[in-house]
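Colleague: One structure coming up, written as structure tokens, with questions to follow.
Quick note: the coordinates plus some simple rules give every number you see, no bench work behind them. Computed from a predicted structure; not experimentally measured. Cβ sites come from the backbone with ideal geometry, for glycine too, and all protein chains shown count toward neighbours.
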Amino acid sequence: MRDKKIWIVPFFTAAGAFGLLLGGCASDGTLATQRLTAGERAIMDAREGNASLNASTELNVAEGNLSEAREAFAKKEYEKAVRLADRASIDAELARNKAVSEKAKKNVEEMRKNIEALRQEIERLSQK
């Protein structure tokens, strides 16, 4: 029993030190930098997916959150910057997905029209 107590204090000391190290990453801006980069990448992906045409509102929200995240980062408010950059990534992903969905809807509508035109042509040919 006494041997177990000997290891408990060093274990919790090491765990506490590890926790401080992880917290230090957030306080020096490393995590915020990573999240800002991820947010920028997500917005670029959304733009490439034509989100500016089919999901401009969502894309504008993402860009606004990223802008606020950059401002928070400049003020060394790293936790706020991380939160806003994460929101920007999520909003950009929403914009990209909405753009993909809109494109798919347009394709479906075009296919429906083509099918209808083929049906009419078949009907016309069968009446001859």
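Colleague: Does any residue of segment 59-73 turn out to be among the polar types (S, T, N, Q), within 29 Å of residue 28 (Cα to Cα) and out of contact with any helix residue (DSSP H, G or I) (no Cβ under 8 Å at 6 or more places or on another chain)?
Modeller: yes
Colleague: Mind listing just one residue for me: the one in segment 70-118 that is within 18 Å of the chain's Cα centre (by Cα) and over 21 Å from residue 51 (Cα atoms) and, of those, surrounded by the fewest Cβ atoms within 10 Å (Cβ to Cβ)?
Modeller: In this case the residue turns out to be 79.
Colleague: With respect to residue 65, is the statement that it is under 10 Å from residue 39 (Cβ atoms) and of a type in the set (S, T, N, Q) true?
Modeller: yes
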